[in-house]
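In what follows, a structure is listed as structure tokens, so that the remarks can point back to it.
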Amino acid sequence: MNFEAFLQNLSNGISLGSLYALIAIGYTMVYGILRLINFAHGDLVMLGSYVAFYGVAMFMLPWWLAFPLAILVTAGVGIVIERSAYKPLRDFPRINLFTAAVAVSFLLENLGIVIFGGRPKAFERPAFMDQMLNLGGVSIVSYTPIIIITALVLFGLLLLVIYRTKAGMAMRALSKDIEATGLMGVNTDKIIMFAFMLGSALAAAGGILWAIKFPQINPLMGVMPGLKAFIAAVLGGIGNVGGAMIGGFLLGIVEIMIVAFFPELSGYRDAFAYAILILLLLFRPTGIMGEVQAEKV
Amino acid sequence: MLDIKNLHVSYGGIRALQGISLHVPEGKIISLLGANGAGKSTTLRTIMGIVKPTEGSIEFLGGNILGMKSFQVVMKGIALVPEGRRVFTNLTVTENLALGAYTRNDKVQIQQDIEEIYELFPRLREREKQSAGTLSGGEQQMLALGRALMSKPKLLMIDEPSLGLAPVLSQGVLSRLKELNQTRGQTILLIEQNARAALSIADYAYILETGRITLEGPAAELATNDAVRKTYLGIH
Ligand SMILES: Nc1ncnc2c1ncn2[C@@H]1O[C@H](COP(=O)(O)OP(=O)(O)O)[C@@H](O)[C@H]1O
Ligand SMILES: [Mg+2]
């Protein structure tokens, strides 16, 4: 492989990784607060891309209106899911919550099939995202840097919220001790809702960018990115937002690079993610950034 | 200020409180004493809306607070320093204090109050940027107390501040409480294992036994009561 091909693969890996990272954050935030693997999270990726698709294709909205709108709608759906399916179960054993998450996932996928139709749809990229660019002798398609930069901007905004706002501070406290956070005068239900909203918004952004990168959408398209992002979250140390970002990038880059260096293994591409996960769990069960923490009771 | 009447609380089949009534007047230190498992923490947790009672009433400043969530009780003017301190070990010392002021919006005054807490507990200032997890038990207790004070509570409730602390340290915490009461008129409801120390700073005390109040009276009187001396002060 020559250097140019290497750089092309690298940028491809980084952009894939930034998508995993965007989606992984929602898993990790919800887990950090509720100790719940939100199984339905991947389906919000699908929902985000469909709403964006219909905004452009059916309602003729410009992309710069349709995309943010799709993020808002998905964030709203995330809140509705939390309120209706998870909040009523919060005081029950964790397995109930997990079962509810699986149910919500199936519900979203099947509603997707009923409402959007099972046939894949072609997602149309805005024209400026489809230009060939020549960056220092390396030619890449413009959506690649656009995906990466958008993701980085969103990460920056998220970190600002988490580390520089009152609600963010409450969110960090909540992930340690919900009850004690309430004793500080924090309306914990509202903060949990806020966390779901942020995670769902990022999943929608991930879904739209995913559809820009892989412009065929279908109602089950969220499953694989969801699984990979979940693995990324575990790699980074589940519950840790910075870890989810690192895990996402790492997974994306490794996945692309292995296929690039060993093309004959490309059929096993998805298996690598699981292999990495198993290895990591064997040698560092808490993930890259994870700390050993007591199980919540 | 705080009026509890006929409070019953059950955890599943365990009847933790079986009709307790107590009164906390403004400006006083009231102590709740009792052996492990008597229901002391349950009482405070019920006041904070963490546990739901099956019967009874809780009034604060003349208004009902039963059925409120913790954050609403805090907004009414009650703060709890929970058993085991429960500082946020992933936040810095300053962030812990700032979170204590979550219900307030007066930024400048909050900053001044954080300063005041640091004057009260200089050990905390030395560690203001460290995560609370790196503090010793005594420092964490100071932080938990400072954090509760940051909401400017009308009623401060403290659950076993000397738990796990060396006697010298716990004596220090208790004398701080007395100081707060005398200089600021802070009303305090104190739970303490060390009955002798608690009775020495309290105005009035209740003794709780397996979910019932079996004795109450001015602290000075209880300290000389034979039964109390035998059971809680270890004097025979
Ligand atoms: N979360 C709980 N679930 C079930 N039982 C509890 C719980 N918390 C306390 N109890 C029981 O309620 C009783 C009173 O406990 P508690 O209020 O913690 O006592 P104290 O603070 O006086 O030591 C005890 O019998 C205890 O075992
Ligand atoms: Mg207790």
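Cα centroids of segment A:136-192 and segment A:57-135: 19 Å apart. Its residue count N fixes a reference of 2.2 N^0.38 Å for segment A:185-244, and the Cα radius of gyration divided by that reference is 1.34. Shown are B:R85, B:R184, whose ranking by accessible area with a 1.4 Å probe and every protein chain present, most to least, is B:R184, B:R85. Ordering A:219-229, A:236-246 by mean Cβ neighbour count within 10 Å, with the highest value first, yields A:236-246, A:219-229. Placing A:F249, A:F283 in order of accessible area, with the largest value first and a 1.4 Å probe, yields A:F283, A:F249. In the neighborhood of A:V223, defined by Cβ-to-Cβ distances under 13 Å, what is the net charge if each Lys or Arg adds +1 and each Asp or Glu adds -1? Around A:V223, the surrounding residues sum to -2. Where a ≥ b ≥ c are the square roots of the eigenvalues of the C-alpha gyration tensor, would you call segment A:198-297 rounded, which needs a/c under 1.5, or, failing that, prolate if a/b is larger than b/c, or oblate? Oblate, since a/c reaches 1.5 and b/c is not below a/b. Carbon-plus-sulfur accessible fraction, segment B:2-231 (probe radius 1.4 Å, protein heavy atoms only): 50%. Of all DSSP beta bridges confined to chain B, the antiparallel ones make up roughly 55%. Considering only GluC sites (Glu not before Pro) in DSSP loops that have at most 13 other Cβ atoms within 10 Å, the longest stretch of chain A without any of them is A:1-290.
To the nearest Å, what is the center-to-center distance of segment B:1-66 and segment A:216-269, using C-alpha atoms only? After rounding, the separation between the Cα centres reads 52 Å.
Taking 0.36 nm per residue of sequence separation and removing the Cα-Cα distance, the B:E179/B:Q112 pair yields an extension gain of 22.2 nm.
The figure for B:Y11 is an accessible area of roughly 90 square angstrom, using a 1.4 Å probe on the protein chains alone.
The B:I14 and A:M224 beta-carbon pair, evaluated with R₀ = 51 Å, returns a calculated FRET efficiency of approximately 0.60. Shape of the protein assembly as shown from its Cα gyration tensor (a ≥ b ≥ c, root eigenvalues): rounded if a/c is under 1.5, otherwise prolate when a/b > b/c, or oblate? Prolate, since a/c reaches 1.5 and a/b exceeds b/c. Treating the Cα atoms of chain A as identical point scatterers in vacuum, please give the log10 of the normalised Debye intensity I(q)/I(0) at q = 0.07, 0.09, 0.11 Å⁻¹, two decimals. For chain A, the Cα-only Debye profile gives -0.26, -0.43, -0.65.
Site pair A:I278 and A:A127 shows an inter-label distance of 5.0 nm when each label is modelled 7 Å from Cα along Cα→Cβ. Heavy-atom accessible area with a 1.4 Å probe sorts B:E179, B:E119, largest first, into B:E119, B:E179.
Computed over chain B, the percent of Cα pairs more than 29 Å apart is 26. Taking packing as the residue-averaged number of other Cβ atoms within 10 angstrom, the listed peptides B:204-214, B:137-147 run from highest to lowest as B:137-147, B:204-214.
Taking every DSSP bridge with both residues inside the protein assembly as shown, close to 60 percent are antiparallel. Helix A:3-34 and the long axis of chain A differ in direction by around 10°, with both axes built from C-alpha atoms. Anisotropy class assigned to segment B:63-195 is rounded, per the alpha carbon gyration tensor with a/c under the 1.5 cut-off.
Under the simplified labelling scheme, the B:T214-A:A57 pair shows an inter-label distance of 7.6 nm, with each label point 7 Å from Cα along Cα→Cβ.
Kirkwood radius and radius of gyration were both taken over the C-alpha atoms of segment B:1-68, and their ratio Rg/Rh is 0.95. Tell me, what is the FRET efficiency for A:A167 and A:I288 to the nearest 0.05, using R0 = 30 angstrom and their Cβ-Cβ distance as r? The calculated FRET efficiency here is 0.65.
The angle between the Cα long axis of helix A:188-213 and the longest principal axis of the Cα atoms of chain A comes to about 10 degrees, rounded to the nearest 10. The distance linking segment B:157-202 with segment B:203-224 is 16 Å (Cα centroid to Cα centroid, whole angstrom). Axis angle, to the nearest 10 degrees, between helix A:269-283 and the longest C-alpha principal axis of chain A: 40 degrees. In the protein assembly as shown, the calculated helix contribution to ellipticity at 222 nm averages -18000 deg cm²/dmol per residue, counting -39,500 (n - 2.57) for every DSSP H run with n ≥ 4.
For chain A, relative contact order (Cα pairs under 8 Å, six or more residues apart, normalised by length) works out to 36 percent.
The values are calculated or read from the model by the stated rules, or taken from the named source; none is laboratory data. This one's a predicted model, so the numbers in the text were calculated from it and none came from an experiment. Here the Cβ is made from the backbone with ideal geometry for all residues, glycine too, and neighbour counts use every protein chain on show. The area values use the complete protein model at the heavy-atom level, side chains included, leaving out ligands, DNA and RNA. Shrake-Rupley method; radii C 1.70, N 1.55, O 1.52, S 1.80 Å.
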